[in-house]
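Participant: This structure is in structure tokens; I'll ask about it shortly.
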Amino acid sequence: MALDSLNNLNKLPDNLSQFLEECIKRKVKEICVTGTNTDPLLYTKTFELLSEIRFQIVVPIAIRTNGILYNRAIFGDYDKASITVCSFDKEIYRKMMGSGEPPNITRILKNHPKMPIKVNIVMGPENVDNGDIFKTLDILSGMDIIRVNIREPYGQPHIGNPMPAEKFDHHTLGMPTYRWKGLQVTYWDVHYVEVESINLYANGRISLIYPITKGHDDKGEVHEQSYFPGGRIQEQWL
């Protein structure tokens, strides 16, 4: 959060080549463009950035966006996408996002029929306590969507897994995945997900530790992933 005051929306990232060298050395499988307090669709150098990445490494490049500023050309230059939709109820959406309306998922899917697109639903009292999250899943089940992540809000009170136990199907990166009317719905808690990453920050810093993928032990203390040599498929995250 100390980097929130930095703005690199109008420039190529510092240390991009070194970052990509680390990605190649560590055999990274995917590169994601995201932001902590902004959205990648606001970035003005998308085509230059993706061209530079593809010149050095051949892996899928994904965008993580709220979809509000959807632009067909910019969005379509990515290989994969995940779009955050907290609710299709406009009032609930505004309560959770602060303003605006839900993105037009139907339009985006129609414009990019071959792109793997996942939907993220960030949980909160506004969409969980009243069951609205299941209405959102029902709507998504009628679209050409396969994967949905329901995510614990980082830096806010823990919500807990709302999915019915009888719908459990398998684990995805240590997280339980359920079947819901044709959807694969994964309960996603960033503190326990089994994923490693290399990170390039707005100030050009390259880090092999991503703070929100650290896990807690059974006493509530935060540990790096090496603390969990057998994985995190265990009861402690309940």
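Participant: Would you check which residues across region 163-174 are at pLDDT 90 or above and either surrounded by fewer than 17 Cβ atoms within 10 Å (Cβ to Cβ) or in a strand (DSSP E or B) (or both) and list them?
Facilitator: Result: PRO164, ALA165, GLU166, LYS167, PHE168, ASP169, HIS170, HIS171, THR172.
Participant: Could I ask something else about it? State all residues of region 129-152 that are more than 20 Å from PRO113 (Cα to Cα), out of contact with any His (no Cβ under 9 Å at 6 or more places or on another chain) and in a loop (DSSP other than H, G, I, E, B); if no residue qualifies, say none.
Facilitator: ASP129, ASN130, GLY131
Participant: Next up: Looking only at region 94-121, how many residues end up being modelled with pLDDT of 95 or more, under 19 Å from the mean Cα position of the chain (by Cα) and assigned to a helix (DSSP H, G or I)?
Facilitator: So the answer is 3.
Residue by residue, here is whether (1) within 19 Å of LYS80 (Cα to Cα); (2) touching a Pro at 6+ places or on another chain (Cβ under 9 Å); (3) among the small types (Gly, Ala, Ser) holds:
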{"position": "VAL119", "(1), (2), (3)": "yes, no, no"}
{"position": "MET123", "(1), (2), (3)": "no, yes, no"}
{"position": "ASP132", "(1), (2), (3)": "no, no, no"}
{"position": "ILE139", "(1), (2), (3)": "no, no, no"}
{"position": "HIS158", "(1), (2), (3)": "no, no, no"}
{"position": "ASN161", "(1), (2), (3)": "no, yes, no"}
{"position": "ASP169", "(1), (2), (3)": "no, yes, no"}
{"position": "THR186", "(1), (2), (3)": "yes, yes, no"}
{"position": "SER197", "(1), (2), (3)": "yes, no, yes"}
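To keep it simple, each residue is scored yes or no on (1) under 15 Å from the mean Cα position of the chain (by Cα); (2) part of a loop (DSSP other than H, G, I, E, B).
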| site | (1), (2) |
| --- | --- |
| LEU6 | no, yes |
| LEU9 | no, yes |
| LEU12 | no, yes |
| CYS23 | no, no |
| CYS32 | yes, no |
| ASN37 | yes, yes |
| GLU48 | no, no |
| ILE53 | no, no |
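Participant: Of all residues in region 83-109, how many are in contact with a Ser or Thr (Cβ under 8 Å, 6 or more places away or on another chain) and loosely packed, with under 15 Cβ neighbours inside 10 Å?
Facilitator: Of the residues in region 83-109, 0 are in contact with a Ser or Thr (Cβ under 8 Å, 6 or more places away or on another chain) and loosely packed, with under 15 Cβ neighbours inside 10 Å.
Participant: Within region 201-218, work out how many residues are over 24 Å from PRO157 (Cα atoms), out of contact with any Ser or Thr (no Cβ under 8 Å at 6 or more places or on another chain) and either of a type outside the set (A, V, I, L, M) or at pLDDT 90 or above (or both).
Facilitator: Residues that pass the stated criteria total 5.
Participant: Pull up region 18-32, narrow it to residues that are farther than 15 Å from VAL195 by Cβ and either touching a residue at least 60 places away in the same chain (Cβ under 8 Å) or in contact with a helix residue (DSSP H, G or I) (Cβ under 6 Å, 6 or more places away or on another chain) (or both), then point me to the one that is surrounded by the most Cβ atoms within 10 Å (Cβ to Cβ).
Facilitator: For region 18-32, the residue satisfying everything is PHE19.
Participant: Scanning region 61-82 for residues that are aliphatic (A, V, I, L, M) and in a helix (DSSP H, G or I), which turns out surrounded by the most Cβ atoms within 10 Å (Cβ to Cβ)?
Facilitator: Here the answer is ILE74.
Participant: A follow-up question, please. Sort out which residues of region 47-70 are of a type outside the set (A, V, I, L, M, F, W, C) and in contact with a strand residue (DSSP E or B) (Cβ under 8 Å, 6 or more places away or on another chain), and write them in order of number.
Facilitator: Of everything in region 47-70, those that are of a type outside the set (A, V, I, L, M, F, W, C) and in contact with a strand residue (DSSP E or B) (Cβ under 8 Å, 6 or more places away or on another chain) turn out to be ARG54, PRO60, ARG64, THR65, ASN66, GLY67.
Participant: Quick one: count up the residues across region 112-133 that are surrounded by 17 or more Cβ atoms within 10 Å (Cβ to Cβ) and free of Cβ contacts under 8 Å to residues at least 24 places away in the same chain.
Facilitator: Count: 0.
The values are calculated or read from the model by the stated rules, or taken from the named source; none is laboratory data. Since this is a predicted model, take the numbers as computed values, not measurements. Here the Cβ is made from the backbone with ideal geometry for all residues, glycine too, and neighbour counts use every protein chain on show.
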